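Here's the structure, in structure tokens; my notes come after.
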Amino acid sequence: MVAGEPSGDLLGAHLIAALKERRPGLRFGGIGGPRMQALGFEASYPMDKLAVRGYIEVLRHLREIVEIRKQLTGRILADPPNLFVGIDAPDFNLGLEERLKRAGVPTVHYVSPSIWAWRAWRMRKIARSVTHVLALFPFEASLYEKAGIPVTYVGHPLADLIPLMNDKEEARAQLRLPKGKRVIALLPGSRKSELHYMAETFVKTARRLHEEIHDVHFVCPTASRETRDLFEAALRYHAGGELPVTLLFGHSHEALAAADLALVASGTATLEAALLKTPMVIAYRMSPLTAALMWRMRRLPYVGLPNILAGEFLVPEFLQDKATPGALSAALLDLMQDAESQRRQVEKFREIHVSLRQNAAEKAADAVLALLDGGHA
């Protein structure tokens, strides 16, 4: 198995747990994070080596990433497993899966690449590389069926993990947040490359908002020591250490459950916020060249998962040059004062949650075991 970032580590851990429940003797190895390793996964390389987003950002680390894939491919082919599962990270995993499939190793890709958003030509590469796709979203299955690629819609494990109803006061008490304050969650990304582009923007946005509303408190869950260090540096430099903020290691679910509103970097965290029914504003910044390349290839007018799943601009999005502290703080202030917009977001988030709640880990495990046993998922 190969997972390249915290969201993939979570998916991998749920799948490992479901598989072990059915087949206790299974062994797992490759690249995975702390959640997978806690279940006995043998990690050959640190997961954060793959946690880079954007074309230009990947180019900076390309030599190291290519070398890791080359070494890992050699290890796997020297002692072939019964099955390979690539969890997201398509730029790394699809090439690896293509080599393994040619060598006779069945390959599963868990989390469809965003063929519906951009790079539709990737479908041909997926067909060459993958024995079976495990899709998280309902509209993806029909795309693969039309292309003749075996697929199983499993739903999203986060939708199973997160309860349909959450207790905001309990979450605030658990995080020891001050009482009587409006709480805003800041999620500027889980990768160092994301913090490089967004930490300053998020801190400046929070500072502007605090100047407008004094009874506000911010909470920011960080994914790693490196991302926390980057955010703390932005706080020191751009907020003078005077911003009322609680920094956390992990605990993004609790932070979002406790928050009245959230400012979230586009990615899995936006889905997490939607499942926790937290009204939000979406922002994203990356290198200008990466943004220009992705903009030319995208097929939908929005990039945030809640908007893609809703099929409309439900959540305000601010990308690249539009993601300024002034624009973001104004959007958060508008949302804070607009009860109808908050209600509409929450109502649609509930619909999305129900549609994605499919007992995903068990469905994924069933599909994987069918392939392990030599049949079809």
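The values are calculated or read from the model by the stated rules, or taken from the named source; none is laboratory data. Note that the structure is a prediction, hence the values are computed from the model and not measured. Neighbour counts are summed over all protein chains in view; Cβ atoms, including those assigned to glycine, are modelled from backbone coordinates with ideal geometry. To get the accessible areas, we keep the full protein, side chains included, count just its heavy atoms, and leave off ligands, DNA and RNA. Shrake-Rupley method; radii C 1.70, N 1.55, O 1.52, S 1.80 Å.
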Using a Förster distance of 41 angstrom, determine the FRET efficiency expected from the C-beta separation of D373 and S142, and round it to 0.05. 0.95
Please compute the per residue accessible area over the chain with all protein chains in place, 1.4 Å probe, rounded to a whole number of Å². 45 Å²
Provide the gained length on full extension for the span R236 to K181, in nm with one decimal, where the gain is 0.36 nm per separating residue minus the Cα-Cα distance. 17.5 nm
Taking the Cα centre of the stretch 124-276 as origin, sum charge times position over the Cβ atoms of Lys and Arg (+1) and Asp and Glu (-1), and report the length of that vector in debye to the nearest 20. 440 debye
Report, to the nearest 10°, how far helix 192-212 tilts away from the longest principal axis of the Cα atoms in the chain, using its own Cα long axis and a range of 0 to 90°. 20 degrees
For a protection proxy built on the mean count of beta-carbon atoms within 10 angstrom, sort 158-164, 259-265 highest first, please. 259-265, 158-164
Test of understanding: given the chain, find the longest segment containing no chymotrypsin sites (Phe, Trp or Tyr not before Pro) that are in a DSSP loop and have at most 12 other Cβ atoms within 10 Å. 122-312
Listed residue pairs exceeding 29 Å between alpha carbons, taken from K20/K125; K70/K192; K181/K348: K20/K125
Could you report the accessible area of L369 in Å², rounded to 10, computed with a 1.4 Å probe on the protein chains as they sit in the structure? 20 Å²
From the helices alone, meaning DSSP H stretches of at least four residues, give me the mean residue ellipticity at 222 nm for the chain, per-run term -39500 (n - 2.57), in deg cm²/dmol to the nearest 500. -16000 deg cm²/dmol
Kirkwood Rh in Å, taken over all unlike Cα pairs in the stretch 116-228: 18.2 Å
Can you give me the solvent accessible area of H196 with a 1.4 Å probe, rounded to the nearest 10 Å²? 130 Å²
Quick one: net charge of L175's neighbours, Cβ under 14 Å, K/R +1, D/E -1? 0
Residues L164 and E98, FRET efficiency given R0 of 51 Å [Cβ-Cβ distance, rounded to 0.05]: 0.80
Starting from the residue with the highest accessible area, list L230, L371 in decreasing order, probe 1.4 Å. L230, L371
Helix 288-297 versus the longest principal axis of the chain: what angle, 0 to 90°, nearest 10, using Cα atoms? 60 degrees
Apportionment of accessible area to carbon and sulfur, the chain, percent (1.4 Å): 52 percent
